[in-house]
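*Asks:* The structure under discussion is supplied below as structure tokens; questions concerning it will follow.
The values are calculated or read from the model by the stated rules, or taken from the named source; none is laboratory data. Bear in mind the structure is a predicted one, so any value in this text is a computation, not a measurement. As a convention, Cβ positions derive from the backbone with ideal geometry for all residues, glycine included, and neighbour counts pool all protein chains shown.
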Amino acid sequence: MAAVIDIGGTPTQADFHEAISARSDRWYSACLKITRNPDMAADAVQDALLNAWNKRQQFNHGSRLDTWIHRIAINAALAQIRKLKPGVFEVLDDDVESTETTPHRAWEDYELESDLANALARLSELERVCFILKHLEQWRVREISAELGVKQGRVKQAVFRAVKKLRVSMQRLQEENDD
């Protein structure tokens with residue numbers, strides 16, 4: 001990948017293979033957080049890779065290839081959920097990426113992810129997508145606004161409402177940590 005940036009040429013098949021082997025799990029995880037559906041997330045990543053490959057001549061050499069593909073994957077996931085009616089998402093039962101070290105830690109991680117998935121499920125679609133893009137994917141408000149086609153103020157309100165609702169929903173965890 002570094003050769004692509006230094007030389008300024010079109011990314012090669014080897015560059016794509018390197019990016020896929022290094023980051024495909026992260027792309028899938030990000031898409032899964034947005035779509036909340038494993039099949040849709042896998043489709044979004046596949047669509048992203050096909051689009052990136054077909055448009056590799058448009059790659060901005062000032063950025064990293066894996067970051068560029070990540071952005072395309074997020075957009076593909078957003079496109080998938082735009083096709084659906086709000087409220088038809090399923091709650092995730094499993095952890096996508098597991099870093100278990102002990103059974104106790106694995107249980108704590110499972111409970112946290114389950115609580116977060118349930119809390120995210122209670123948000124409106126706009127609140128959930130804005131929260132994920134802002135806080136998990138580190139997008140700027142203006143980028144979210146442009147991508148979703150809504151005013152920046154509406155994005156800020158959605159993020160604010162999402163954080164407020166998540167704090168209430170996740171309050172039990174805070175109380176347990178204080179004990």
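*Asks:* Is at least one residue of the range 85-104 part of a helix (DSSP H, G or I) and either over 19 Å from the mean Cα position of the chain (by Cα) or at pLDDT 85 or above (or both)?
*Replies:* yes
*Asks:* Further, regarding this structure: For THR35, state whether it is in contact with a helix residue (DSSP H, G or I) (Cβ under 6 Å, 6 or more places away or on another chain), at pLDDT below 90, surrounded by fewer than 15 Cβ atoms within 10 Å (Cβ to Cβ) and of a type outside the set (Lys, Arg).
*Replies:* The answer is no for THR35.
*Asks:* While we're on this one: Pull out all pairs, ordered by first then second residue, where Cβ-Cβ is under 9 Å, the residues are six or more apart or on different chains, the first lies in the range 119-140 and is surrounded by fewer than 18 Cβ atoms within 10 Å (Cβ to Cβ), and the second is of a type in the set (Ser, Thr, Tyr) and in a helix (DSSP H, G or I).
*Replies:* ARG122/SER169
*Asks:* Something else about it: Does ALA52 count as touching a Ser or Thr at 6+ places or on another chain (Cβ under 6 Å), within 30 Å of ALA14 (Cα to Cα) and modelled with pLDDT of 85 or more? Step through it out loud before you land on a result.
*Replies:* On the way: touching a Ser or Thr at 6+ places or on another chain (Cβ under 6 Å): no; within 30 Å of ALA14 (Cα to Cα): yes; modelled with pLDDT of 85 or more: yes.
Answer is no for this residue.
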